[in-house]
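Please read the structure below before turning to the comments.
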Amino acid sequence: MRFDVVSLFPEMFAPLTDNGVNARARHKQIWNLHCWNPRSYTHDVHRTVDDRPYGGGPGMVMLAEPLDAAVDEAIAARQAQQLDCPVILMSPTGQRFDQPLAQSWAQTDGAIIICGRYEGIDQRFIDARVTHEVSLGDFVLSGGEIAALAMMDSIIRLLPGVLNDKQSAISDSFHEGLDGLLDSPHYTRPEIYKDQPIPDVLKSGNHKNIARWRREQSLRLTALRRPELIEQARAKGLLTPHDELFLLDLLASHTP
Ligand code: SAH
(Lines give C-alpha, C1' and ligand atoms only; values in the text may rest on other atoms or scores of the structure.)
Protein backbone atom coordinates (compact mmCIF):
# COMPACT_ATOMS: atom_id res chain seq x y z
CA MET A 1 0.00 0.00 0.00
CA ARG A 2 1.20 3.47 -0.80
CA PHE A 3 -0.05 6.86 0.42
CA ASP A 4 0.77 10.09 -1.37
CA VAL A 5 0.06 12.99 0.93
CA VAL A 6 -0.26 16.52 -0.40
CA SER A 7 0.53 18.85 2.50
CA LEU A 8 2.20 22.14 3.31
CA PHE A 9 3.63 20.46 6.45
CA PRO A 10 5.23 17.16 5.38
CA GLU A 11 7.28 17.06 8.61
CA MET A 12 4.03 16.36 10.49
CA PHE A 13 3.99 12.80 9.09
CA ALA A 14 7.17 11.60 10.84
CA PRO A 15 5.18 10.25 13.84
CA LEU A 16 3.40 7.82 11.51
CA THR A 17 6.45 6.72 9.52
CA ASP A 18 8.94 6.57 12.39
CA ASN A 19 7.17 5.08 15.42
CA GLY A 20 5.75 1.82 16.68
CA VAL A 21 4.04 -0.85 14.62
CA ASN A 22 3.65 1.53 11.64
CA ALA A 23 7.40 2.12 11.40
CA ARG A 24 8.10 -1.61 11.59
CA ALA A 25 5.52 -2.29 8.89
CA ARG A 26 7.05 0.39 6.68
CA HIS A 27 10.47 -1.20 7.05
CA LYS A 28 8.87 -4.50 6.08
CA GLN A 29 7.59 -2.64 2.98
CA ILE A 30 3.96 -3.35 3.80
CA TRP A 31 3.19 0.30 3.16
CA ASN A 32 4.94 3.50 2.20
CA LEU A 33 4.37 7.23 2.31
CA HIS A 34 5.40 9.98 -0.12
CA CYS A 35 4.79 13.65 0.59
CA TRP A 36 4.18 16.32 -2.01
CA ASN A 37 4.40 19.93 -0.87
CA PRO A 38 2.27 22.33 -2.95
CA ARG A 39 4.81 25.05 -2.12
CA SER A 40 7.31 23.25 -4.35
CA TYR A 41 4.97 23.84 -7.30
CA THR A 42 4.75 27.65 -7.01
CA HIS A 43 6.51 29.96 -9.43
CA ASP A 44 6.56 33.32 -7.63
CA VAL A 45 9.31 34.55 -5.34
CA HIS A 46 7.07 34.33 -2.24
CA ARG A 47 6.05 30.75 -3.11
CA THR A 48 2.43 31.68 -2.58
CA VAL A 49 0.00 28.86 -1.88
CA ASP A 50 -3.05 30.86 -0.73
CA ASP A 51 -5.01 34.02 -1.44
CA ARG A 52 -7.98 35.98 -0.14
CA PRO A 53 -11.47 34.61 -0.72
CA TYR A 54 -13.64 35.98 -3.53
CA GLY A 55 -16.73 37.58 -1.98
CA GLY A 56 -14.77 38.66 1.09
CA GLY A 57 -14.81 37.14 4.54
CA PRO A 58 -12.12 35.99 6.95
CA GLY A 59 -9.08 33.85 6.28
CA MET A 60 -7.30 32.62 3.21
CA VAL A 61 -8.07 29.96 0.61
CA MET A 62 -5.58 27.47 -0.86
CA LEU A 63 -4.84 28.11 -4.53
CA ALA A 64 -5.90 25.41 -6.99
CA GLU A 65 -2.81 25.51 -9.21
CA PRO A 66 -0.05 24.31 -6.81
CA LEU A 67 -2.38 21.56 -5.60
CA ASP A 68 -3.14 20.51 -9.17
CA ALA A 69 0.57 20.28 -9.98
CA ALA A 70 1.28 18.27 -6.82
CA VAL A 71 -1.55 15.84 -7.63
CA ASP A 72 -0.27 15.47 -11.21
CA GLU A 73 3.15 14.40 -9.89
CA ALA A 74 1.64 12.05 -7.32
CA ILE A 75 -0.50 10.42 -10.03
CA ALA A 76 2.47 10.01 -12.36
CA ALA A 77 4.51 8.38 -9.57
CA ARG A 78 1.67 6.00 -8.66
CA GLN A 79 0.93 5.12 -12.28
CA ALA A 80 4.58 4.22 -12.77
CA GLN A 81 3.96 1.54 -10.11
CA GLN A 82 0.58 0.55 -11.60
CA LEU A 83 -1.28 1.79 -8.52
CA ASP A 84 -4.82 3.20 -8.48
CA CYS A 85 -5.12 6.94 -7.93
CA PRO A 86 -8.15 7.82 -5.81
CA VAL A 87 -7.87 11.37 -4.42
CA ILE A 88 -9.16 11.82 -0.88
CA LEU A 89 -9.72 15.29 0.53
CA MET A 90 -9.70 15.56 4.32
CA SER A 91 -12.65 17.84 5.06
CA PRO A 92 -15.16 18.42 7.86
CA THR A 93 -17.87 18.44 5.16
CA GLY A 94 -16.95 14.93 3.94
CA GLN A 95 -18.23 11.46 4.75
CA ARG A 96 -17.59 10.59 8.39
CA PHE A 97 -14.66 8.17 8.64
CA ASP A 98 -15.35 4.94 10.55
CA GLN A 99 -14.09 1.38 10.94
CA PRO A 100 -16.00 -0.06 7.94
CA LEU A 101 -14.40 2.67 5.79
CA ALA A 102 -10.97 1.82 7.24
CA GLN A 103 -11.59 -1.83 6.36
CA SER A 104 -12.57 -1.02 2.80
CA TRP A 105 -9.55 1.26 2.23
CA ALA A 106 -7.34 -1.51 3.68
CA GLN A 107 -8.32 -3.62 0.64
CA THR A 108 -6.90 -1.02 -1.79
CA ASP A 109 -3.50 0.20 -3.04
CA GLY A 110 -3.84 3.32 -0.86
CA ALA A 111 -4.60 6.82 -2.09
CA ILE A 112 -3.54 10.38 -2.68
CA ILE A 113 -4.60 12.40 0.37
CA ILE A 114 -5.08 16.17 0.25
CA CYS A 115 -4.62 18.10 3.50
CA GLY A 116 -6.34 21.48 3.54
CA ARG A 117 -5.24 24.49 5.57
CA TYR A 118 -6.65 27.98 6.29
CA GLU A 119 -10.35 28.34 5.40
CA GLY A 120 -10.10 25.50 2.91
CA ILE A 121 -9.38 24.91 -0.77
CA ASP A 122 -10.57 26.55 -4.00
CA GLN A 123 -13.73 24.57 -4.86
CA ARG A 124 -12.72 24.23 -8.52
CA PHE A 125 -9.78 22.03 -7.54
CA ILE A 126 -12.13 19.89 -5.43
CA ASP A 127 -14.69 19.58 -8.24
CA ALA A 128 -12.08 18.60 -10.81
CA ARG A 129 -9.71 16.34 -8.87
CA VAL A 130 -11.15 14.95 -5.64
CA THR A 131 -12.85 11.55 -5.74
CA HIS A 132 -13.63 11.12 -2.00
CA GLU A 133 -14.15 13.62 0.82
CA VAL A 134 -13.55 12.25 4.30
CA SER A 135 -14.16 13.84 7.71
CA LEU A 136 -12.67 12.69 10.98
CA GLY A 137 -15.71 13.87 12.93
CA ASP A 138 -17.96 16.79 13.69
CA PHE A 139 -15.26 19.20 14.78
CA VAL A 140 -12.86 21.49 12.96
CA LEU A 141 -9.09 21.04 12.93
CA SER A 142 -6.63 23.69 11.74
CA GLY A 143 -5.42 21.41 8.97
CA GLY A 144 -6.03 18.07 7.32
CA GLU A 145 -2.71 16.57 8.50
CA ILE A 146 -3.87 15.24 11.87
CA ALA A 147 -7.02 13.85 10.26
CA ALA A 148 -4.94 12.16 7.54
CA LEU A 149 -2.56 10.71 10.14
CA ALA A 150 -5.46 9.23 12.11
CA MET A 151 -7.09 7.84 8.98
CA MET A 152 -3.89 6.26 7.63
CA ASP A 153 -3.01 4.78 11.03
CA SER A 154 -6.39 3.07 11.30
CA ILE A 155 -6.02 1.65 7.76
CA ILE A 156 -2.40 0.52 8.12
CA ARG A 157 -3.01 -1.45 11.34
CA LEU A 158 -5.52 -3.58 9.42
CA LEU A 159 -2.97 -4.69 6.81
CA PRO A 160 -1.75 -8.29 7.13
CA GLY A 161 1.54 -8.48 9.06
CA VAL A 162 1.27 -5.09 10.80
CA LEU A 163 -0.06 -6.16 14.19
CA ASN A 164 1.74 -8.98 15.99
CA ASP A 165 -1.42 -10.86 16.83
CA LYS A 166 -3.77 -11.42 13.89
CA GLN A 167 -6.69 -11.54 16.28
CA SER A 168 -6.16 -8.10 17.76
CA ALA A 169 -7.52 -6.00 14.88
CA ILE A 170 -10.59 -8.13 14.42
CA SER A 171 -11.49 -8.05 18.11
CA ASP A 172 -11.40 -4.24 18.30
CA SER A 173 -14.38 -1.94 18.77
CA PHE A 174 -16.52 -1.38 15.64
CA HIS A 175 -14.83 -4.21 13.73
CA GLU A 176 -16.99 -6.84 12.05
CA GLY A 177 -15.13 -9.48 14.10
CA LEU A 178 -16.94 -7.97 17.07
CA ASP A 179 -20.20 -7.50 15.10
CA GLY A 180 -19.60 -3.74 15.16
CA LEU A 181 -19.97 -3.57 18.97
CA LEU A 182 -17.66 -1.85 21.48
CA ASP A 183 -14.73 -3.81 22.90
CA SER A 184 -14.90 -5.38 26.37
CA PRO A 185 -12.64 -4.22 29.27
CA HIS A 186 -9.08 -5.55 29.52
CA TYR A 187 -7.05 -6.49 32.62
CA THR A 188 -3.43 -7.44 33.20
CA ARG A 189 -1.20 -8.15 36.22
CA PRO A 190 -1.24 -7.72 39.19
CA GLU A 191 -4.32 -9.74 40.05
CA ILE A 192 -5.30 -7.23 42.75
CA TYR A 193 -4.47 -3.59 42.14
CA LYS A 194 -5.25 -1.02 44.86
CA ASP A 195 -7.83 -3.38 46.42
CA GLN A 196 -9.52 -3.97 43.04
CA PRO A 197 -9.49 -7.64 41.98
CA ILE A 198 -9.92 -8.73 38.38
CA PRO A 199 -13.21 -10.44 37.45
CA ASP A 200 -13.05 -14.10 38.62
CA VAL A 201 -14.09 -15.54 35.26
CA LEU A 202 -10.83 -14.33 33.65
CA LYS A 203 -8.87 -16.63 35.99
CA SER A 204 -11.13 -19.62 35.38
CA GLY A 205 -9.31 -20.95 32.33
CA ASN A 206 -12.74 -21.78 30.89
CA HIS A 207 -12.54 -20.28 27.41
CA LYS A 208 -16.22 -20.64 26.68
CA ASN A 209 -17.16 -18.74 29.83
CA ILE A 210 -14.52 -16.10 29.18
CA ALA A 211 -15.81 -15.56 25.62
CA ARG A 212 -19.39 -15.33 26.96
CA TRP A 213 -18.32 -12.81 29.63
CA ARG A 214 -16.52 -10.68 27.03
CA ARG A 215 -19.53 -10.78 24.74
CA GLU A 216 -21.81 -9.68 27.57
CA GLN A 217 -19.46 -6.85 28.57
CA SER A 218 -19.44 -5.70 24.92
CA LEU A 219 -23.20 -5.83 24.76
CA ARG A 220 -23.57 -3.99 28.09
CA LEU A 221 -21.15 -1.20 27.18
CA THR A 222 -22.59 -0.80 23.69
CA ALA A 223 -26.20 -0.76 24.92
CA LEU A 224 -25.35 1.94 27.46
CA ARG A 225 -23.10 4.14 25.35
CA ARG A 226 -23.90 3.48 21.69
CA PRO A 227 -27.38 1.91 21.48
CA GLU A 228 -27.48 2.57 17.73
CA LEU A 229 -24.68 0.02 17.25
CA ILE A 230 -26.86 -2.63 18.96
CA GLU A 231 -29.63 -1.79 16.51
CA GLN A 232 -27.26 -2.10 13.55
CA ALA A 233 -26.02 -5.51 14.75
CA ARG A 234 -29.61 -6.64 15.30
CA ALA A 235 -30.68 -5.47 11.83
CA LYS A 236 -27.82 -7.53 10.32
CA GLY A 237 -28.98 -10.60 12.27
CA LEU A 238 -25.75 -10.72 14.28
CA LEU A 239 -27.30 -11.00 17.76
CA THR A 240 -27.84 -14.54 19.05
CA PRO A 241 -30.89 -15.56 21.15
CA HIS A 242 -28.50 -15.57 24.14
CA ASP A 243 -27.45 -11.96 23.32
CA GLU A 244 -31.10 -10.90 23.12
CA LEU A 245 -31.89 -12.51 26.50
CA PHE A 246 -28.91 -10.77 28.06
CA LEU A 247 -30.06 -7.41 26.63
CA LEU A 248 -33.61 -7.98 27.92
CA ASP A 249 -32.24 -8.65 31.43
CA LEU A 250 -30.04 -5.57 31.15
CA LEU A 251 -33.03 -3.44 30.16
CA ALA A 252 -35.10 -4.88 33.05
CA SER A 253 -32.34 -4.11 35.56
CA HIS A 254 -32.24 -0.48 34.33
CA THR A 255 -36.02 0.04 34.31
CA PRO A 256 -37.34 1.32 37.66
N1 SAH B 1 -13.78 26.29 6.58
C2 SAH B 1 -13.80 24.86 6.71
C3 SAH B 1 -12.77 24.36 7.71
C4 SAH B 1 -11.37 24.57 7.29
S5 SAH B 1 -10.25 23.89 8.44
C6 SAH B 1 -15.17 24.44 7.18
O7 SAH B 1 -15.76 25.13 8.01
O8 SAH B 1 -15.69 23.38 6.74
C9 SAH B 1 -8.81 23.66 7.42
C10 SAH B 1 -8.58 22.26 6.89
O11 SAH B 1 -8.49 21.34 7.97
C12 SAH B 1 -9.66 21.70 5.99
O13 SAH B 1 -9.49 22.11 4.66
C14 SAH B 1 -9.47 20.20 6.13
O15 SAH B 1 -8.49 19.71 5.25
C16 SAH B 1 -8.94 20.08 7.56
N17 SAH B 1 -9.99 19.65 8.51
C18 SAH B 1 -10.56 20.40 9.47
N19 SAH B 1 -11.46 19.70 10.18
C20 SAH B 1 -11.45 18.45 9.67
C21 SAH B 1 -12.17 17.25 9.97
N22 SAH B 1 -13.09 17.21 10.92
N23 SAH B 1 -11.92 16.15 9.23
C24 SAH B 1 -11.00 16.18 8.23
N25 SAH B 1 -10.29 17.29 7.90
C26 SAH B 1 -10.51 18.41 8.61
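The values are calculated or read from the model by the stated rules, or taken from the named source; none is laboratory data. Everything numeric here is computed off the predicted structure, so don't read it as measured data. Ideal geometry is used to build each Cβ from the backbone, glycine not excepted, and the neighbour counts take in all protein chains shown. Surface areas here come from the heavy atoms of the whole protein model, side chains and all, with no ligands, DNA or RNA. Shrake-Rupley method; radii C 1.70, N 1.55, O 1.52, S 1.80 Å.
Taking the simple approach of a point 7 Å from Cα along Cα-to-Cβ for both residue 173 and residue 195, what is their distance in nm?
2.9 nm
Could you tell me how many cubic angstrom of Cα convex hull volume the chain has per residue?
That works out to 206 Å³ per residue.
Based only on the alpha carbon positions, what is the Kirkwood hydrodynamic radius of the stretch 171-253, in angstrom?
Evaluated over the stretch 171-253, this radius sits at 13.7 Å.
Using bins 5 angstrom wide from zero, how does P(r) for the stretch 1-150 break down, in % of all Cα pairs?
Per 5 Å bin, starting at zero, the Cα-Cα P(r) for the stretch 1-150 comes out as 2, 9, 18, 22, 22, 14, 7, 4, 1, 0 percent.
If each residue of separation counts as 0.36 nm, what is the full-extension length gain between residue 108 and residue 18 once their alpha-carbon separation is subtracted?
30.1 nm
As a test, work out the antiparallel percent of DSSP beta bridges whose residues both lie in the chain, rounded to the nearest 5.
If I count the DSSP bridges inside the chain, around 20 percent turn out antiparallel.
With springs connecting C-alpha atoms under 10 Å apart, model the chain as a Gaussian network and identify which of 55, 161, 20 has the largest mean-square fluctuation.
In the Gaussian network model the winner is 55.
What's the extension gain from residue 211 to residue 32 if we count 0.36 nm per residue and subtract their Cα-Cα distance?
Gain in length upon complete extension: 60.8 nm.
Using only DSSP helix segments of four residues or longer, with each worth -39500 (n - 2.57), what per-residue ellipticity at 222 nm results for the chain after dividing by its residue count and rounding to 500?
Computed mean residue ellipticity for the chain: -12000 deg cm²/dmol.
What residue among 63, 89, 202 has the largest mean-square fluctuation in a Gaussian network model of the chain, using Cα springs under 10 Å?
Of 63, 89, 202, the most mobile in the Gaussian network model is 202.
Find how much the distance from residue 82 to residue 132 grows on full extension, using 0.36 nm per residue of separation minus their present alpha carbon separation; answer in nm with one decimal.
Separation in residues times 0.36 nm, less the Cα-Cα distance, equals 16.0 nm.
Pairs of Cα atoms under 8 Å, at least six residues apart: use those to get the relative contact order of the chain, whole percent.
Details: 353 pairs, mean separation 43.5, N = 256.
Once normalised by length, the contact order is 17 percent.
May I ask you to give the solvent-accessible area per residue for the stretch 2-156, in square angstrom, as obtained with a 1.4 angstrom probe?
Per residue, the stretch 2-156 has 51 Å² of solvent-accessible surface.
Roughly how many percent of the accessible protein surface of the chain is carbon and sulfur, given a 1.4 Å probe and a whole-percent answer?
Ligands and nucleic acids excluded, carbon and sulfur give 53 percent.
Springs between alpha-carbon atoms under 10 Å, Gaussian network over the chain: tell me which of 90, 12, 151 tops the mean-square fluctuations.
12
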